[in-house]
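Participant: For reference, the structure I am asking about is given below.
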Amino acid sequence: MAYIALATGFLLILIGLYGALTHSHILRMIVAFTVANTGVNLVLVGVGYMGGRTAPILDKAVEVSAAAQRIIDPLPQALVLTAIVIGLGVTALMLTYAYRLYVTRGTLDISRYTELKW
Amino acid sequence: MDLFIRDNLMLAMLLLLSLAMLVAAFMAIYSKRSLPIAMLAAGLVSLLASVQFLLLGAPDVAMTEAAIGSGLTTFLFFFILGRVRGGANRD
Amino acid sequence: MIKRFLVLLLVLSMGVMFSQLLVGYSPDRQLNATAHYYATQTASETGAANIVSAIIVTYRGLDTLGEVTVLFLAAAIVGMVLSAKQGGQSPTSASEAERQLPPYPPVGELLATGTQLLVPLILMFGAYVIVNGHLTPGGGFQGGAILASGMLLLLLSDPLRTIGHRLISVVESFSGLAFVLLGILGLLLAGGFLDNKILPLGTFGSLFSAGAIPVIYIFIGLKVGAEFSSMLLNLAKTEER
């Protein structure tokens, strides 16, 4: 099962990367970036998964004494939780800059931003 | 036996979700026409990913992804889209 | 054309790299040493049933402090970049322009009634998710996002309502300060920065347990919710002119 998640995550990263590099519309590039972001999260969670085990929450189903044999690795999950929240912050920042570019230049097409072109 | 069925069911669900996610991701990248559809497709990728997180035994991550990744992010996109509408030469 | 070819080449070579990773990957059979420690010691050390919460708030609490700081920075930059746009105009002319704007189209009946009905429930659900973060899936970040989506609904139903920007910034600063102060209290009274044993651990699995984890998570939730809300409010203020 982990293989499926990993493969999907890798494919999402590639799709997102391709989209971000080929599109010339800034909003489309940001959309592609969020797809790649989801892919990275999926890969990280997939690496933490172990077959036949359950979520790292201790209750009646998973006693403390048996926890080490029953739960999956909680550390990647904590990291991905952080990554998702930061991802929204980054996306909001990118969108804000896109809006600002639009206000100053009246276009979101990067082929029209020619100041640094040579 | 029960365990066997359960495992296979989960495998099938995971495969189906992965397939749907990839289709949605293709829509998010390759929909030449409409930007709103691309944004919604990106939100769909997030939503399906959150279900997949649940199947992978990460309910915390699933909740975060559903609330933040597919909810607030999609909304932010549409917010900005509404602001830049009308002037975007190529949409 | 050359650019597209180069991109394709890059993506393909990355694909080859990823496939190597995938082929060489074999899932662990046993938890590694760190995870094993978390699995066996979390219950006795922190008293939290949700190990992910225990890691986020206690074991790696410093990371979470950094994360909240990054989020705060992002929200602050969003506010700064968006307000720089209106820098040229003096406040009086801005308010005049606002008066001359055509009024918003009336909000539909469905949205207005739905908002009245749903916002209290959403806020309550967010509070529930935050408070139960140490027992069930959920916690400060998820609950904060849910709180922010409640604010979002308010914003959609009445775009002209000024949902106290001041109140939001007060909540944000206060909860950030409280988060750091709780961490320093842990340094003084217990084992180290952000140690949760400044409060009694209580009985395992009950609402008032796990020491300071619920308290810290409440402040994290408030801060995250306030940050997302301020981002949304800042974006909402940039109306089309």
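Participant: With contacts defined as alpha carbon pairs under 8 Å and 6 or more residues apart, what's the relative contact order of region B:2-84 in percent? Present the calculation step by step, with values, prior to reporting the outcome.
Facilitator: Values: 67 pairs, mean separation 20.8, N = 83.
Computed over region B:2-84, the figure is 25 percent.
Participant: Among C:27, C:214, C:120, which one shows the highest mean-square fluctuation when chain C is modelled as a Gaussian network with alpha-carbon springs under 10 Å?
Facilitator: C:27
Participant: Can you tell me which of C:44, C:229, C:149 moves the most in a GNM of chain C? Springs connect C-alpha atoms under 10 Å apart.
Facilitator: Its mean-square fluctuation being the largest, the pick is C:44.
Participant: Please identify the helices of chain B, taking whole runs of DSSP H, that span at least 27 Å along their own axis as judged from the Cα atoms and have a mean Kyte-Doolittle score of 1.0 or higher.
Facilitator: Values: long enough: B:2-30 (42 Å, 1.81); B:35-55 (31 Å, 2.11).
Span-like helices, by this rule, are B:2-30, B:35-55.
Participant: Amide H neighbours of residue A:54 under 5 Å, counting only residues 5+ apart in sequence or on other chains, H built in-plane at 1.01 Å?
Facilitator: The list, which skips near neighbours in sequence, is A:71, A:72.
Participant: Counting pairs of Cα atoms in chain B, how many percent are more than 24 Å apart?
Facilitator: Working: 1329 of 4095 pairs.
Cα-Cα pairs in chain B separated by more than 24 Å: 32 percent.
Participant: Within 10 Å of each Cβ in peptide A:44-56, how many partner chain Cβ atoms are there on average? Round it to a whole number, please.
Facilitator: Values: counts 2, 9, 6, 4, 7, 7, 8, 5, 2, 2, 1, 12, 17.
Mean number of neighbouring Cβ atoms from other chains: 6.
Participant: Continuing with this model, one more query. How large is the convex hull of the Cα atoms of chain C per residue, expressed in Å³ as a whole number?
Facilitator: Numbers: hull volume 52.2 nm³, N = 241.
It comes to 217 Å³ per residue, whole-number rounded.
Participant: If all Cα-Cα distances of chain A are sorted into 10 Å bins from 0 onward, what percent lands in each bin, rounded to whole numbers?
Facilitator: 13, 30, 26, 16, 10, 5, 1
Participant: Just for the Cα atoms in region C:141-203, what are the lengths along the principal axes, largest first, rounded to whole Å?
Facilitator: So the extents along the principal axes, rounded to whole Å, are 49, 27, 14.
Participant: Assuming R0 = 45 Å, what is the FRET efficiency of residue B:33 and residue A:63, from their Cβ-Cβ distance, to the nearest 0.05? Write down the numbers at each step before the final one.
Facilitator: On the way: r = 55 Å, r/R0 = 1.23.
Efficiency at R0 = 45 Å is approximately 0.25.
Participant: For chain B, modelled as a GNM with alpha-carbon contacts under 10 angstrom, which of B:39, B:13, B:21 fluctuates the most?
Facilitator: Most flexible of the set in this elastic network: B:13.
Participant: List every residue whose amide H lies under 5 Å from the amide H of residue C:46, counting only residues 5 or more places away in sequence or on a different chain, with H placed 1.01 Å from N in the peptide plane.
Facilitator: The list, which skips near neighbours in sequence, is empty: none.
Participant: Let me ask you something else. Applying 1/(1 + (r/R0)^6) with R0 = 22 Å to the Cβ-Cβ distance of residue C:203 and residue C:41, what FRET efficiency is obtained, to the nearest 0.05? Could you put the intermediate results ahead of the total?
Facilitator: Details: r = 18 Å, r/R0 = 0.82.
Given R0 = 22 Å and the Cβ-Cβ separation, E is 0.75.
Participant: Now for a different question. Hey, got the Cα dimensions of the protein assembly as shown along the principal axes, in Å, largest first?
Facilitator: Computed over the protein assembly as shown, the largest-to-smallest principal extents equal 67, 52, 46 Å.
Participant: For chain C, what are the DSSP H helices with axial Cα length of 20 Å or more and mean Kyte-Doolittle hydropathy of at least -0.5?
Facilitator: Those that pass (Cα extent of 20 Å or more, hydropathy at least -0.5) are C:2-24, C:61-85, C:109-131, C:140-157, C:165-189, C:213-237.
Participant: Projected onto the charge dipole of the protein assembly as shown (+1 at Lys/Arg Cβ, -1 at Asp/Glu Cβ, origin at the Cα centre), which of C:220, B:82, C:144 gives the Cα projection farthest towards the positive end?
Facilitator: My answer, from the dipole projection, is B:82.
Every number here is computed from the coordinates shown, using simple stated rules; none is lab data. All of these numbers come straight from a predicted model, not from anything done at the bench. A quick note on method: Cβ atoms are made from the backbone with ideal geometry, for glycine too, and the neighbour counts reach across all protein chains shown.
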